[in-house]
Amino acid sequence: MGIVERKEREKEEMRKLILEAAQKLFLETGFEKVSIRNIADAIEYSPATIYLYFKDKNELLYAIHNIGFQKMIEEFHPALSLADPFDRLVEMGRRYFRFAFENPELFDLMFIMNAPMDALACRDDIWDEGRSAFGLLVKCVQDCIDAGVFKYQDAEVAAIMIWSSVHGYTALFLRKRLDMFEESRRKELMEEAFDLFIKTIQKGL
């Protein structure tokens with residue numbers, strides 16, 4: 001490996017280290033309470049080192065957000081190859097659950113923590129990755145409309161309704177609001193509720 005390649009690898013490793021520390025602190029302490037110095041202390045470097053990679057903590061949060069959405073879009077990819085649009089929609093919902101269950105801290109930062117949207121509002125390209133992910137859902141819903149599966153004609157409104165419902169189940173589970181049920185029953189309840197939702201929109205949307 002040459003000097004240039006080694007330096008690029010080291011830069012990427014440092015960037016990853018900074019992002020991992022920032023994500024951990026944002027979730028543990030709250031975005032507003034975390035400073036660049038806190039992040040620097042966590043990785044045992046000076047704040048100046050972090051400023052070589054990110055201009056402020058808003059940019060750090062933006063980078064973590066984008067990583068999360070890129071990862072979620074990758075999770076959706078196998079579903080997008082399904083020919084039947086309704087099958088595609090169902091599989092996207094199941095993969096949304098899977099992404100959340102396998103990446104609960106990242107999901108929390110992307111969708112549940114209060115700070116991100118305020119922090120991201122300083123960006124001209126706010127939430128591009130989020131829009132891309134939602135665009136996949138809108139297209140799938142539009143395909144369902146075109147195929148005659150759904151009678152409702154506004155794909156964006158229908159997509160928001162579908163996303164809100166699936167997200168609601170997911171958030172209840174991750175935020176332990178389903179702990180009133182036996183542990184062995186929780187995921188089963190989620191799956192049955194999702195199946196009921198799918199049957200309902202198939203018959204009535």
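So the values come out like this:
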{"quantity": "Met92 vs. criteria touching a Gly at 6+ places or on another chain (Cβ under 9 Å) and surrounded by 18 or more Cβ atoms within 10 Å (Cβ to Cβ)", "calculated": "no"}
{"quantity": "Lone unmet requirement of (1) in a helix (DSSP H, G or I); (2) farther than 21 Å from Arg98 by Cβ; (3) modelled with pLDDT under 95; (4) of a type outside the set (Val, Ile, Thr) for Gly148", "calculated": "(1)"}
{"quantity": "Meets criteria (modelled with pLDDT under 90 and buried (at least 18 other Cβ atoms within 10 Å of the Cβ)) for Glu129", "calculated": "yes"}
{"quantity": "Only one of Phe54, Phe69, Phe31 that is of a type in the set (A, V, I, L, M, F, W, C), in contact with a helix residue (DSSP H, G or I) (Cβ under 9 Å, 6 or more places away or on another chain) and either at pLDDT below 85 or surrounded by fewer than 17 Cβ atoms within 10 Å (Cβ to Cβ) (or both)", "calculated": "Phe31"}
{"quantity": "Residue among Glu156, Glu182 that alone is modelled with pLDDT of 85 or more, open to solvent by 60 Å² or more (accessible area, probe 1.4 Å) and more than 19 Å from Phe111 (Cβ to Cβ)", "calculated": "Glu182"}
{"quantity": "Cβ-Cβ under 8 Å pairs, at least 6 apart or on other chains, the range 36-54 side in the same structural domain as Glu12 (by TED's automatic domain parsing) and more than 14 Å from Lys16 (Cβ to Cβ), far side modelled with pLDDT under 90 and charged (D, E, K, R)", "calculated": "Ile36/Asp56; Ile36/Lys57"}
{"quantity": "Lone qualifier among Ile64, Ile36 - being in contact with a helix residue (DSSP H, G or I) (Cβ under 6 Å, 6 or more places away or on another chain), within 25 Å of Ala100 (Cα to Cα) and not basic (Lys, Arg)", "calculated": "Ile64"}
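Every residue, every condition in (1) touching a His at 6+ places or on another chain (Cβ under 6 Å); (2) crowded, with 16+ Cβ neighbours inside 10 Å; (3) at pLDDT 85 or above; (4) closer than 26 Å to Glu192 by Cβ, yes or no:
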position: Tyr45; (1), (2), (3), (4): no, yes, yes, no
position: Pro78; (1), (2), (3), (4): no, no, yes, yes
position: Pro85; (1), (2), (3), (4): no, yes, yes, yes
position: Leu136; (1), (2), (3), (4): no, yes, yes, yes
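The values are calculated or read from the model by the stated rules, or taken from the named source; none is laboratory data. Everything numeric in this text was worked out from a predicted model, so none of it was measured. Cβ sites come from the backbone with ideal geometry, for glycine too, and all protein chains shown count toward neighbours. Note: accessible area is taken over every heavy atom of the protein model, side chains too, but ligands, DNA and RNA are not part of it. Shrake-Rupley method; radii C 1.70, N 1.55, O 1.52, S 1.80 Å.
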